[in-house]
Structure formats: C-alpha cells, structure tokens
Amino acid sequence: MPLSARTVHDCTIMMANQIEAPCGAATAISKGPAMSWRLIQGSMKGTTRGEDLFKSFTELAKENNLPMDKLISVCTDGAQCMVGKNRGFIVLLCEHEKRPILSFHCILHQEALCAQMCGEQLGEVMSLVIRVVNFIVARALNDRQFKTLLDEVRNNYPGLLLHSNVRWLSRGKVLSRFAACLSKIRTFLEMKNVEDPELANTEWLLKFYYLVDMTEHLNQLNVKMQGVGNTVLSLQQAVFAFENKLELFIADTETGRLLHFEKLGEFKDACTASDPAQHLDLQQLLGFTSNLLQSFKARFGEFRERTRHFKFITHPHECAVDSADLSYIPGVSVRDFELQAADLKASDMWVNKFKSLNEDLERLARRQAELAGKHKWGEMKKLQPADQLIVKTWNALPVTYHTLQRVSIAVLTMFGSTYACEQSFLHLKNIKTNLRSRLRDGSLNACMKLNLTMYQPDYKAISKTMQHQKSH
C-alpha cells in the first residue's frame, strides 16, 4: 500500500522520538555517532573555528543534560581548530572544565598519513599509474574499448579504478587492479599509439610491484582498525603489530626471500627465469620500508604513553597504573584505587574471572578471523562486540571494587578513532541526495538518529497512536 510523503515523514519522526537515552558504557559508545553528528550540524552552518565548535558543543551538552564530569577524552582529526594551542577546541574545553582532558589524534588518520608518505616516496610510480588510469577511464571511448578488450581475453575484472585521495583504501585498490591488468594495459596503449616505456622498464616495475604489496599490507591494517566498538587497546595493538611486521619486511627484503611481497616475488622470479644474469637492486626498497617504519615510530605518541592504562581493562591483575594516568578521571581516589587493586590481585576468584574474559576475547578474535576469511561480513556484525564482553565482566565485580570499575569504564569510553563520525558522513551522503531537495533539519535529524543507533521500531506502539483509516 503506497504511503504519502506526509505519512512517511510522521512515521520517521515518531520512530526517532522513541529512541531513549542509553545507559551503560557499551551503549554510550554506540550512541557516539549521533552525538558527533549533532555537533557537526550545528557548527557547519557558519565558521568552523575552535570557538564555534566549543559553543556548539556546550549548547549540545546543556540541551541534552550531558554530565560533563564524565568527559574523559576527545578524539580529533588533528585539525588546527581542534588542537590549536591557543584557541583550539581542546584548550577551550580544558579551560571551561578547569581540569586536564585527554586528547587523541585519530589512529586511523595517523595510519593514513603514514601510508600517504609511502606513496610520496614512490611518487613517480603513482603519478604514472594515475595518468594511465585517467587516460583510459576518464575518456568514454577509451573506457568502452578497454572493457571490450578485457571481455575478449576473459579477464576477471570489468575495468580499472579511479584514484581518490580522500578514500583510505583507494591507493591500494587502484594499484592492485592496475597490476592485474598490466599486460592488457600495455596492449591497449600500443593500439592507441601511446608510448609509456616505463611500463616495461625493470627498475620502474620493481618499485611498482613493491608499492602494490606494501599498500596491500597497509589496507589490511586500515580495515582491521575500522568498525564501531573497537576498544582503544585493540587499535593500539594493531598498530604495534604492524610495526613488528615492518621490521619483518625489512629482514625479508634483505635476504631476498620476498615471502611477504607476493607480486614483487613473482616479478623477481619472472626476471630471473628470463635472464639469470640480471640483478635487481632491492637495497633501495629497504630504504622505503625503513622510512615507513620510522614514520610509524614517530606517530601514535599519545597512545604509547598510556599503554599500561589501556591494558588495565583486560589485565587489571597484571598492570600497574601510574597515579598520573588517574588524574584525568574525575572522582577517582588514588588511595582507593591502590587498595582495591591490591585486593583484586590477591583474589583468585576475580583473577580467574579476567582470565576467562581473555579466553572469550580470543575465541571472538578467532571467529572474526574465520568470517573475515570467508567474507561473511553480515555474520560478523551479529557477533557480540569485544567492549560488551569487557563491560559484562567488570559489572560482575562487587561494589567493593567501584573505583576500579570507574577507571575501566573511563578507558572503555575513550575513542581511539573518529570512525563513528566518518560513518555518519557516509549516512548523511546517502540520505541527503539531490532527489530529496525538500528535506528539512527535523526530518534529517530523525533519519540520522535511525541510521546511527541499533534501534528496532515498536510498530504496535506507533500504530496505536495513529488514526486508523477505515474503508467505506
């Protein structure tokens, strides 16, 4: 039965109004995107200076009666209006609250900046790839002819991909598709009488296949850190694990095995088979990997400083948290924390409780890896998030450990990335299209709320409030 635009609008508003204020740390984390969106909406109507962002935030907090004493940390994209030392949002917020507040530069943004440095070192490679891709894809005739060529040779791919600087995974996907179609690209350029001798140059191809493999590793790291509900500890461990992998890549390149560079290894084997006397200079690739490792080591400083603090949420019986880490959490007594931590470490019952938690997290990680390998992303979303398992364990502790619980919840509510905000931009783009030019702020807010929460409509309650239209 078709519904009028007014009926759809009214139902959307009703469902949005049914969203109740969440309670509990895990639910508060899932509500984060909606709060981030409302702050952005208020600030984007004018200038976006630090003062404007702070004003919008304070109005939002007052309107929703947000307890500011529970604000522990702020995660930003590193923009000057957010982290400026004089009039940035963080500085103004600390001055208003008259206490220190932790500030994190989004770990995904930092990883993307490191990956961008890898592309800058091999700029001549990436520039040629982009130029060739634009020549083929950006021209309608060339694009149709190239797709026809791929169909004739029964290639697995329908065509090439355009590169976008603002998309985190774009560089790796463009390079991977380009490498898979390289022989057909050469054939097509010969048909068009376009000369690009670099595409057959051994030195250029060596750098190209290295960049293909390295961006693939970087994309895997980026995808691993995406998603809502990732704890700041899991994000930090993913970055540290990749740093260890980079050291392994350096040793792998030095020995010439290239076990972790699939495309580069295949190219080397092909060159050796065609000309056994040919020597490939792998030393220059060592420099690229070493510079990438140094770039990772130079970043993520705020995460490195609080490693013990982050590990406390899963290993409270093993970690020794410094009193300086507790100064950012209002209402926490260092004396009570130390006494309760001593009691917890001496209790086998509660120590075993957290050992069981780590076993559950291990099983969850194995299950996620299995589903990711089979590309079953829908089933992965049905799995219980890691943060909910951690909250459930801490809630099982008696009230005598209330200070430890307060510290653990504070750590769990820290955002390590701005993924939730980036996701809200994607929903906004899908909702506010040129086909919905009459969409007003009220309807847009309702649609955003429904997209950014785990809300299930109560259709019976909604139908009872509606006037039934009987047939005549």
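The values are calculated or read from the model by the stated rules, or taken from the named source; none is laboratory data. Predicted model only: the values in this text are computed from it and were never measured. Note that each Cβ is placed from the backbone with ideal geometry, even for glycine, and that neighbours are counted across all protein chains shown. Areas reflect the complete protein model, heavy atoms only, side chains present, ligands, DNA and RNA absent. Shrake-Rupley method; radii C 1.70, N 1.55, O 1.52, S 1.80 Å.
Are any residues in the stretch 188-207 free of Cβ contacts under 8 Å to residues at least 40 places away in the same chain, in a loop (DSSP other than H, G, I, E, B) and within 38 Å of the chain's Cα centre (by Cα), and if so, which ones? Scanning the stretch 188-207 gives a single hit, Asn201. Is it fair to say Gln340 is open to solvent by less than 60 Å² (accessible area, probe 1.4 Å) and in a helix (DSSP H, G or I)? So Gln340 fits the description; yes. Look at the stretch 340-353: where a residue is touching a residue at least 12 places away in the same chain (Cβ under 8 Å) and a partner is surrounded by 11 or more Cβ atoms within 10 Å (Cβ to Cβ) and of a type in the set (Val, Ile, Thr), sitting 6+ places away or on another chain with Cβ atoms under 6 Å, you get Gln340/Thr403.
Residues in the stretch 153-187 that are in a helix (DSSP H, G or I), over 32 Å from the mean Cα position of the chain (by Cα) and of a type in the set (Lys, Arg): Lys184, Arg186. From the list Arg438, Arg363, the lone residue that is out of contact with any strand residue (DSSP E or B) (no Cβ under 6 Å at 6 or more places or on another chain), on the phi < 0 side of the Ramachandran plot and assigned to a helix (DSSP H, G or I) is Arg363.
Exactly one residue out of Ala410, Ala396 is under 26 Å from Ala342 (Cα atoms), modelled with pLDDT under 90 and either among the small types (Gly, Ala, Ser) or open to solvent by less than 20 Å² (accessible area, probe 1.4 Å) (or both): that is Ala410. Hey, any hits in the stretch 88-107 for a residue that's of a type in the set (Gly, Ala, Ser), at pLDDT 90 or above and surrounded by fewer than 21 Cβ atoms within 10 Å (Cβ to Cβ)? The answer is no, given that none of the residues of the stretch 88-107 is of a type in the set (Gly, Ala, Ser), at pLDDT 90 or above and surrounded by fewer than 21 Cβ atoms within 10 Å (Cβ to Cβ). Criterion first (farther than 24 Å from Glu302 by Cα and at pLDDT 80 or above) does Lys432 satisfy it? Criteria met by Lys432.
Of Val74, Val91, all but one fail to be part of a helix (DSSP H, G or I) and among the hydrophobic types (A, V, I, L, M, F, W, C); the exception is Val91. Please go through the stretch 170-185 and give me each residue that is open to solvent by 40 Å² or more (accessible area, probe 1.4 Å) and hydroxyl-bearing (Ser, Thr, Tyr), ordered by number. If the condition is that a residue be open to solvent by 40 Å² or more (accessible area, probe 1.4 Å) and hydroxyl-bearing (Ser, Thr, Tyr), then Ser176, Ser183 are the ones that fit. Among the residues of the stretch 186-245, those that are among the aromatic types (Phe, Trp, Tyr) and open to solvent by 30 Å² or more (accessible area, probe 1.4 Å) comprise Tyr209, Phe240.
Looking across the stretch 307-324, the residues that are touching a Leu at 6+ places or on another chain (Cβ under 9 Å) and in contact (Cβ under 8 Å) with a residue 60 or more places away in the chain come down to Thr307, His309, Phe310, Lys311, Phe312, Ile313, Thr314, Pro316. Checking each residue of the stretch 107-122 against the condition of being touching an Asp or Glu at 6+ places or on another chain (Cβ under 7 Å), within 28 Å of Leu221 (Cα to Cα) and touching a residue at least 60 places away in the same chain (Cβ under 8 Å) gives at least one match.
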